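Below is one structure; the comments refer to it alone.
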Amino acid sequence: MDAKIKKSALIYIFSFIFLSILIWVLFDSKKNQNKQIYLNQKIVKAAAEFKATLNGYRMLIDFIDRRYFYDEEVLKLLYRAYRNKSKREIQLVYRKLLPLYKDIKRYQITYLQIKTPEGKVLLRFHKKQKPKNTSRLSLFSLPQKEITGGFKFINELYYNNYFIGTVEIIISYEAIKDQLRKIFRGEYIFLIRKDVLESKISRERKSYVQSEIHPDFFYETGSVKKYQIPVEVLSKINLELKEKVKEKIEKLRNFAVDVEVNGDEYVVSFIVITDMTGKKIGYLVYYELDNTVKLFNDTFIVMYLSVEIALFAMLSFLINIRSRSEKFRILSEIDTLTGIYNKGKFNQVLDTELKKVKRYRRPLGLILFDIDHFKKINDAYGHQVGDYILKTIAEIVKKNIRDTDIFARWGGEEFVIIAPETDINGTKILAEKLRNAIEENRFDRVGKVTASFGVTEATSEDTIDSIVHRADEALYLAKEKGRNRVEIILPEI
């Protein structure tokens, strides 16, 4: 007995090592999966915050359009200025709209211009870099400058159904970032693709610098006095991101990554931005101090050590009780998932029943059935749903058999039933009853589930292998004929 215990102990130890490695792999995979789910949530959050901020400006601009550019007096002045090309009338428009421009500057809207139907600038309000002149008036001679450092909103202007041009309002990237900083935690930058800048920017290009993250992306140098995250930390984060996002950033899709700097975890979300045509031009990058990601690693270690301790305790327990295993004999006879007999107990009972058949010449029926397309169910819905179906079918069968019938799980999705004192006809009737009960039941999430049945009857010459083989052939025949049916194979006389 001692030798057997030592042998079992060695088996348990090797099993412990194997399971430790397996658990590490599984827990690490689960940790990464949970972390990715969390990062996906951060992407959704960042995108929603950006969209909400932009929508706030959109609502403000919509109000401005309705308040000023649906006004008959303004439209009439614009119509005359366009038709007559009169400097005096343009100045009237300027004086009329100047209070508006002063108001919207409070919301960091510093660029407003009106264009003619031909695309020429009729009037422009634009905050210049020099603080002395906060706005200026420009007429037809003004160059057709394109501003790309922001989001453009365009509204068509009509006077008496006559198209007189468009009004363009641009919300700068800096304005969007400032609003995001005020409302939400973290730091923000806009990364613009190099080819976009090369195609559209002239004098503005000097205000853009190459990003540390990727050479093909640039960001606008702003006038931020106080950053949510220190500049030196942002620089370190960007250097960490350089290799981490090299492939992802080129795909122009939303994504998020975590970076550790100075012992702190930061989540960096990249939200794709587009121009008016829907073309992807870069990213809004959101930096946020978030040590939640660190918790995934800490939790992983704690859980793994907890399971390892539990496994070690189990190993000690199993070695200690090996000599008293007979006390747990009954537990070894039950399938833990379904609560019915397992294959080992079934073989014991079947051997006893076959001896009765041989001695007393009494009838004995055997049913072997299998859940149809069970692997597909497992693949489609997962093993938890598969376990639920196994347990539910076990309950259905237990409710529809006699107390004298022996029901066991043969293995996987296969079950067996021994029907004492039952000939082939009675066994077939029982099988059909069970088949109908399973088919009529509605399973959560899956709906309809069916099973195929093989039926046979014992003879005095049968062994466990021979009668089970016959039932298995009948089951195979049922599957060959389309499943969800009962087939019989009688013993050869």
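Just so it is clear, none of the values below were taken in a lab; they were calculated from the coordinates. Quantities reported herein were computed from a predicted structural model and do not represent experimental measurements. Here the Cβ positions follow ideal geometry from the backbone for every residue, glycine too, while neighbour counts run over all protein chains shown.
Dividing the mean sequence gap of close Cα pairs (under 8 Å, 6+ apart) by how many residues segment 331-488 holds gives a relative contact order of 30 percent.
Under the definition of Cα pairs under 8 Å and six or more residues apart, what whole-number percent is the relative contact order of the chain? Walk me through the numbers before you get to the answer.
On the way: 708 pairs, mean separation 53.2, N = 493.
Relative contact order comes out at 11 percent.
Helical runs (DSSP H, four residues minimum) scored at -39500 (n - 2.57) apiece and divided by the length of the chain put the mean residue ellipticity at 222 nm at -16500 deg cm²/dmol.
What does the extension gain come out to for Asp103 and Tyr381, with contour length at 0.36 nm per residue minus their alpha carbon separation? Could the numbers behind the result be given before it?
Details: separation 278, 0.36 × 278 = 100.08 nm, distance 5.77 nm.
Difference between extended and current length: 94.3 nm.
If we sort 181-190, 112-121, 441-450, 264-273 on the protection proxy, mean other Cβ atoms within 10 Å, highest first, what's the order?
Working: 181-190: 18.2, 112-121: 16.6, 441-450: 12.9, 264-273: 21.2.
Highest-to-lowest ranking by the protection proxy: 264-273, 181-190, 112-121, 441-450.
Here Glu212, Glu72, Glu439 are placed in order of increasing Cβ neighbour count within 10 Å, fewest first, which gives Glu72, Glu439, Glu212.
Compared with the dominant Cα axis of the chain, that is its longest principal axis, helix 87-105 is turned about 40°. Specify the angular offset, from 0 to 90 degrees and rounded to the nearest 10, of the alpha carbon long axis of helix 464-480 from the longest principal axis of the alpha carbons in the chain. Tilt of helix 464-480: around 40 degrees. Look at where the Cα atoms of segment 327-393 and of segment 449-493 average out, and the two centres are 15 Å apart. Relative contact order for segment 185-290: 30 percent, from Cα pairs under 8 Å spaced at least 6 residues apart, divided by residue count.
Label separation (Leu318 vs Asn160): 9.5 nm, computed from points 7 Å beyond Cα along the C-beta direction.
For Rg and Dmax of the Cα atoms in Å, the candidate list reads [x] 27.8, 89; [y] 23.2, 80; [z] 38.4, 122; the entry that matches the value derived from this model is [z]. Our note on the geometry: Cα centres of segment 162-190 and segment 33-66, 13 Å apart.
Once the Cα atoms of helix 72-84 and of the chain are each reduced to a long axis, what angle between those two axes, in degrees from 0 to 90 to the nearest 10, is obtained? Helix 72-84 sits roughly 60 degrees off the main axis of the chain. The residue among Pro491, Phe69, Val468 whose Cα reaches farthest toward the positive pole of the charge dipole of the chain, with charges on the beta-carbon of Lys, Arg, Asp and Glu, is Phe69.
Averaged across orientations, what area in nm² does the convex hull of the alpha carbons in segment 185-290 project? Present the calculation step by step, with values, prior to reporting the outcome.
On the way: hull surface 27.8 nm².
Spelled out: convex hull of the Cα atoms, projected over all directions, averaged, 7.0 nm².
Going by how many other Cβ atoms sit within 10 Å of their own, how do His373, His126 line up, fewest first?
Numbers: His373 13, His126 17.
Fewest-to-most Cβ neighbours within 10 Å comes out as His373, His126.
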